Ligand code: SF4
Ligand code: SF4
């Protein structure tokens, strides 16, 4: 993505493309752990969706369906908060590889 | 026709506010600026102003309200002093970074500790790197004139930078003076209608104000912010000239008093410059070739213009009403001396700190300085680069 020079920026740090933080793939921040969704244990309480600081819980229709790894930073909050008898989200090890995109 | 009114410094600011009638006025009262806020509140209660008056729970919140209101697209003002300005500190940088043309009246007062309510420049000098334009006033008339011009300067499309107008606490804020108040209509015409840039209330366009920058954008945004204050000098001059044409009192970056054929000069801002003029008159009567240079604009600092005005002199004393502990001299001194560095020949420049916590400075103290300048001019030697006036040693 070509970055503007200071002369090309809008006055006062104003961002004219509201909502363009979707371009910022926070998933590139993950460093060694990622959540794994186990659908058969899930009671659809939506706690994970509520707690996830990066809106990285995938929802289809009325149901939690998994994790959006483009934005999941691997913070582990969803796994911590998941109240189902047997955890529906568990943190697993992940090989770290430098992803493309995101910020410098 | 302008009318003559007897007002103190705080009332002149409130009077200017009434005439400009900004959309939002948000302030928390603090001595010695309380009467600005109080008078505005009274104007509002009496139905003399139409803008919103907000009195939040602190100065931090007052500046936050100003930032919110200015982002929404309003013309905005506030007033404070001392600890109040200090409490606004983090928000000052945000106002400047967001390029919001907020105008603030500051009744300059000392900072704690020890607690002191009297006038010095520690508060605004503490905020000198916050990105705000700084204008200082010698008397009530200048406070009124500067405050009105501040809106035009701040709101100019090439500038869009907040402006603070300083008036010395008590010495100006509480001293009655007969001033010329211009007609409401003429002032409204002079400041003109405010045109916000990308206001949040324009719902046809979705924008984000104050987004997060990482290492890849922060630097560019800060560089782009500099553009506003760097464009200010031309606008300040243009507005000062236009004000003069309209109301008969022109303004520039600084005032020179009896500087023709001067060999030495005292540089001092704000109310002390008034006393200094009397001292200069007496010294001139004694045959001394001394003048005064009174900076009006401290940020952006008019370095070239001040250097040009001082370069041919033998000795210059810069008087500061604040200290800069651990630095090479107080704030005004470092600016003036630095501005002269590239000139050859250049005058010897010394620094005197005066008036902390409202300590008086009298004609005799300026004469003391003049004597020291004479000696430096004569010998070409500086024995004491940094000193204090009217301090028990
Ligand atoms: S690990 Fe953190 S970021 Fe990733 S889905 Fe769970 S809560 Fe969201
Ligand atoms: S918190 Fe656990 S149980 Fe609740 S919706 Fe998320 S994954 Fe399912």
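The values are calculated or read from the model by the stated rules, or taken from the named source; none is laboratory data. Since we're looking at a predicted model, the values are computed, not measured. In this analysis, Cβ positions are derived from the backbone assuming ideal geometry, glycine residues included, and neighbour counts consider all displayed protein chains.
Quick one: would you say residue A:95 is over 26 Å from residue A:20 (Cα atoms), modelled with pLDDT under 95 and either assigned to a loop (DSSP other than H, G, I, E, B) or more than 12 Å from ligand 1 (Cβ to nearest atom) (or both)?
Spelling it out, residue A:95 is indeed over 26 Å from residue A:20 (Cα atoms), modelled with pLDDT under 95 and either assigned to a loop (DSSP other than H, G, I, E, B) or more than 12 Å from ligand 1 (Cβ to nearest atom) (or both).
Restricting attention to strands (runs of 3 or more DSSP E) lying wholly within the stretch B:266-330, give those where 2 or more residues are in contact (Cβ under 8 Å) with a residue 24 or more places away in the chain and closer than 16 Å to residue B:252 by Cα.
Strands (runs of 3 or more DSSP E) meeting the threshold: B:290-295, B:297-299.
Here's the yes/no breakdown for (1) exposed (fewer than 12 other Cβ atoms within 10 Å of the Cβ); (2) over 12 Å from residue A:10 (Cα atoms):
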| position | (1), (2) |
| --- | --- |
| B:190 | no, yes |
| B:204 | yes, yes |
| B:209 | no, no |
| B:216 | yes, yes |
| B:219 | yes, yes |
| B:235 | no, yes |
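Report yes if residue A:17 is away from ligand 1 (no atom under 16 Å from the Cβ) and either closer than 19 Å to residue B:208 by Cα or part of a strand (DSSP E or B) (or both), otherwise no.
yes
If you check A:27, A:74, A:66, which single one turns out to be part of a loop (DSSP other than H, G, I, E, B) and either near ligand 1 (Cβ under 9 Å from one of its atoms) or surrounded by 13 or more Cβ atoms within 10 Å (Cβ to Cβ) (or both)?
A:74
Would you point out which residue out of B:355, B:291 is touching a helix residue (DSSP H, G or I) at 6+ places or on another chain (Cβ under 8 Å), on the phi > 0 side of the Ramachandran plot and crowded, with 21+ Cβ neighbours inside 10 Å?
Numbers: B:291 fails: on the phi > 0 side of the Ramachandran plot.
One residue alone meets the criteria, B:355.
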